[in-house]
Amino acid sequence: MSPRSAPCPTRCLSARQALVAVRRVLLAQFSAFPANGADLYEELKSSTAILPTGSPSLDQLLDSGLYTGEVTELMGAPGSGKTQVCLSIAASVSLGLKQHVLFLDSTGGFTASRLYQMLQAQAEDEEEQAVGDTALSQLEALQRIQVARVFDVYEMLSALQEVRDRLSQQAVSCTGPLKTVVIDSVSAVIHPLLGGRQSEGLAIMMQLARELKMLAKEFSLAVVVTNQVTRDSSTGLLKPALGRSWSFVPSTRVLLESKGAAWEEATTRRSASLAKSPRQPTGMQVELDIGNSDVQEPSPATPTEGL
Amino acid sequence: MQRAVGSLPLGPALRARLAAAGFQTAQELLDTGPCGLSREIGISKEEALEALQVVRQECSGDAARTAGGAGTTRKCTALELLEEEQAQGFIITFCSALDNILGGGVQLTKITEVCGAPGVGKTQLCMQLAVDVQIPECFGGVCGEAVFIDTEGSFMVDRVADIAAACVQHCRLIAEAHQEEDHQKALETFSLESILSHIYYFRCRDYIELLAQVYLLPDFLSEHSKVRLVVIDGIAFPFRHDFEDLSLRTRLLNGLAQQLIIIANDHKSAVVLTNQMTTRIGQSQSTLVPALGESWGHAATVRLIFHWDKSQRLATLYKSPSQKESTIPYTITPHGFRDVQPPAVTQNTESTEMNPRKRPRREEEK
């Protein structure tokens, strides 16, 4: 690719022409072309889908549901209901939209019997007049949810790479239309690597972030991740784990909190507030009930706007 | 093989050199070969060979997964998981109220954490579970062995002997009530000596020994494949005193948690940890919260908090993926961990009549 400068003039000219041709090819391949805003809007309208989460109040918080092409993050203290909301999303997409879901579990919190409970509750809610066996549709819904247990960040990266390979090869038979990837606790695999003096943890975290965003954008998937909260040492307040660098990765962040003050009051009511969103005002809050059957709202929730 | 070089498990210095030399994907590395690689980035041939072996292993693992081979990956549909879960047993605690709120008992393949103030009964529960995991399957147990890692030195062998004797007595009474062949056969092997000989006891004195023990545990478990319970009594103790660097402590604990969940999953065993309580001083009042910080709270899948209410011991299920939060009373008798008795009924008749959990399970097996 690097032509040597030739002694005689005729070869010098052709070398320069070769350089110019090469430059033209490089520009054509790698430079960014401006796109028309209207074209972009049309493209987004046709490729983006909005997926219901299975809980109307959460859908309201997220501006009618999960958007494909974006990364949504749920964060909360232990026991605040992150895994329950993830299970509810998986159940709703699989049962309601009949699409495949990939669930990457890194904490061991995935309980299939609880998922089955949620499917049963959702099936009862929606279709009272359904024909024949709802039990069969629930089993089919269970089959559409693929669960991979990844307890290490490299395993998670290979699982995501495998998803990318499968989607780009268009192997429709086994996966079907995959639209949602739920990762329960991305911080469980990254937190052990962060901190200290080495920056390797940050590099791996950014690699994972890049994979997630690429999956979301290129294949129009809705990616849901859960994050932990840690206590800020100076102020004593709770803040999301994984630091500032990760906070730029998800486009929407929802904080889940328990309604009871401490563990002495046992309650199934949770409140979800919007911490970051490209579409809604932050500070919106709704109530959820991660009760026996389903993630549903206990009473009409009034979103409180304000900062 | 379009795996980006940044996502491969190589050392950071090596990764930096590869990035500087312009390598982007794993395929380019494999095409270059060890000699070319050592020339390009200036490392020795042995290091290049090692790096390429790692890359090849990762990529062949990927290829096996794409082709649909199962291998060692943990991937399945939710339906298969549901069937697996329904076939799995629980480790009962002999306190039926506690078993009920846990959904049947301590679940295998999950980490359960028991927090409580000193003297409330955490070690008693651990010793009870170490005996209960060995109950034969015909009596409703999982027939496994137990690993007990002790950091506080609170394991009393004579107390375990008492608990084991009570358990054997209980099973003998059930076998007499239902005269069955396999019950008698199981009773022959289920005796005090066999129970005590199947509890593997490790004593760790500081956090380094504890970490080493947990990281060496997979090798031990692959030799003793019948182990179904790993108890770490006192995970807070070595990490709480004499630890200056708190961020190091968080990192070590998180790494420990991931290692434990891998053990629980691969060997289908339950992991039970005990934690201490600490006081959080808020604006107006102070509350008792589990120790080791916020991030440790995410490590356990199921969290039980034991506390006192005047003179009654209570257990609260605080965190569980499938059960609701609730509180029940329990008591500790000379025979071990038990339900709170209604005062009129004596111990013996209670053990033959009012144990409804055991009956249905055996009837199903018929």
Requested in this report: Would you tally the net charge around A:GLY69, using a Cβ to Cβ cut-off of less than 12 Å, leaving A:GLY69 out, and scoring K and R as +1, D and E as -1?
Outcome: +1
Query raised in the report: Can you work out ³J(HN,Hα) from phi for every residue in segment B:186-191, in order, using Karplus 6.51 cos²θ - 1.76 cosθ + 1.60 and θ = phi - 60°, giving whole Hz and x for Gly and Pro?
Result: 5, 5, 5, 8, 9, 9
Query raised in the report: Taking amide H positions as placed 1.01 Å from N in the peptide plane, with prolines and chain starts having none, which residues 5 or more places from A:LEU66, or on another chain, fall under 5 Å of its amide H?
Result: A:LEU51, A:THR53
Report task. Rank B:ALA13, B:ALA300, B:ALA164 by mean-square fluctuation in a GNM of chain B with C-alpha springs under 10 angstrom and give only the top-ranked residue. Result -> B:ALA13
Report task. Could you work out the relative contact order of segment B:140-291, using alpha carbon pairs under 8 angstrom and six or more residues apart, expressed as a whole percent? Result -> 30 percent
**Report entry** Residue with peak Gaussian network fluctuation, chain B [Cα springs, cutoff 10 Å], from B:GLU176, B:GLU46, B:GLU325
**Finding:** B:GLU46
Query raised in the report: Is the shape of segment A:51-130 best called rounded, prolate or oblate, per the rule: a/c under 1.5 gives rounded, else a/b larger than b/c gives prolate, else oblate, with a ≥ b ≥ c the square roots of the Cα gyration tensor eigenvalues?
Result: oblate
Requested in this report: Please give the helix B:207-223 orientation as an angle from the longest Cα principal axis of chain B, in degrees from 0 to 90, rounded to the nearest 10.
Outcome: 90 degrees
Report summary line: The Rg/Rh figure for segment B:237-279, Cα atoms and Kirkwood Rh, to two decimals is 1.05
Report task. Mind ranking A:37-47, A:64-74, B:95-105 by how tightly packed they are, going by the mean number of other C-beta atoms within 10 angstrom, highest first? Result -> A:64-74, B:95-105, A:37-47
Query - Base-10 log of normalised Debye intensity for segment B:277-342 (one unit scatterer per alpha-carbon) at q = 0.12 Å⁻¹ - result: -0.42
Report task. Determine, for B:ILE174, A:ILE145, B:ILE43, the number of other Cβ atoms within 10 Å of each Cβ, and report the residues in order from fewest to most. Result -> B:ILE43, B:ILE174, A:ILE145
Requested in this report: Could you tell me whether chain B comes out rounded, prolate or oblate from its Cα gyration tensor? Rule is a ≥ b ≥ c as square roots of the eigenvalues, rounded for a/c under 1.5, then prolate if a/b exceeds b/c, otherwise oblate.
Outcome: prolate
Query raised in the report: What is the calculated FRET efficiency for B:GLN179 to B:ARG203, with r their C-beta to C-beta distance and R₀ = 56 Å, to the nearest 0.05?
Result: 0.85
Report task. Neighbouring Cβ atoms within 10 Å as the yardstick, rank B:ARG56, B:ARG15 fewest first. Result -> B:ARG56, B:ARG15
Report task. Quick one: which residues, 5+ away or cross-chain, put their amide H under 5 Å from the amide H of A:GLY109? H built at 1.01 Å from N. Result -> none
Query raised in the report: Want the number for B:GLN57 to B:LEU30: 0.36 nm per residue separation, take away the alpha-carbon distance, what's left?
Result: 8.6 nm
Query raised in the report: Roughly how tilted is helix B:12-21, in degrees to the nearest 10 and between 0 and 90, from the longest Cα axis of chain B?
Result: 30 degrees
Requested in this report: Tell me the label-point distance for the pair A:SER271, A:SER31, using the 7 Å Cα-to-Cβ offset, in nm and rounded to one decimal.
Outcome: 5.4 nm
Report summary line: Output ordering of B:21-31, B:240-250 (per-residue mean of other Cβ within 10 Å, highest first) is B:21-31, B:240-250
Query raised in the report: What base-10 log of the normalised intensity I(q)/I(0) is obtained for the protein assembly as shown from the Debye formula, alpha carbons as equal point scatterers, at q = 0.06 Å⁻¹?
Result: -0.39
**Report entry** Average beta carbon contacts from partner chains per residue of A:83-94, 10 Å cutoff
**Finding:** 1
Report task. With everything on Cα atoms, drop me the angle between helix B:26-41 and the longest principal axis of chain B, reported from 0 to 90° to the nearest 10. Result -> 60 degrees
Query raised in the report: If amide H atoms are built 1.01 Å from N in the plane of the peptide, which residues on other chains or at least 5 residues away come under 5 Å of the amide H of A:ARG269?
Result: A:LYS259
Query raised in the report: In debye to the nearest 20, how big a dipole does the protein assembly as shown give about its Cα centre with +1 on each Lys and Arg Cβ and -1 on each Asp and Glu Cβ?
Result: 2520 debye
Report summary line: Residue-normalised 222 nm signal for the protein assembly as shown, counting each DSSP H run of n ≥ 4 as -39,500 (n - 2.57), nearest 500 deg cm²/dmol, is -13500 deg cm²/dmol
Query raised in the report: Going down the table (A:LYS239/B:LYS122; A:LYS179/A:LYS217; A:LYS213/A:LYS276; B:LYS185/B:LYS268; B:LYS75/B:LYS268; A:LYS45/A:LYS179), which pairs top 20 Å between alpha carbons?
Result: A:LYS239/B:LYS122; B:LYS185/B:LYS268
Report summary line: With N residues in segment A:42-87, Rg(alpha-carbon) / (2.2 N^0.38 Å) equals 1.32
Query raised in the report: segment B:194-260: D in µm²/s via Stokes-Einstein (Kirkwood Rh, Cα pairs, 20 °C, 1.002 mPa s)?
Result: 161 µm²/s
Query raised in the report: For B:GLU193 and B:VAL340, what does the FRET efficiency come to when R0 = 41 Å and r is the distance between their Cβ atoms, rounded to the nearest 0.05?
Result: 0.80
Query raised in the report: For segment B:163-224, what is the per residue volume of the convex hull drawn over the alpha-carbon atoms, in cubic angstrom?
Result: 107 Å³
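None of the figures in this text is laboratory data; all of them are computed from the coordinates on show. Owing to the predicted nature of the structure, the values given are computational and were not obtained by experimental measurement. Cβ sites come from the backbone with ideal geometry, for glycine too, and all protein chains shown count toward neighbours.
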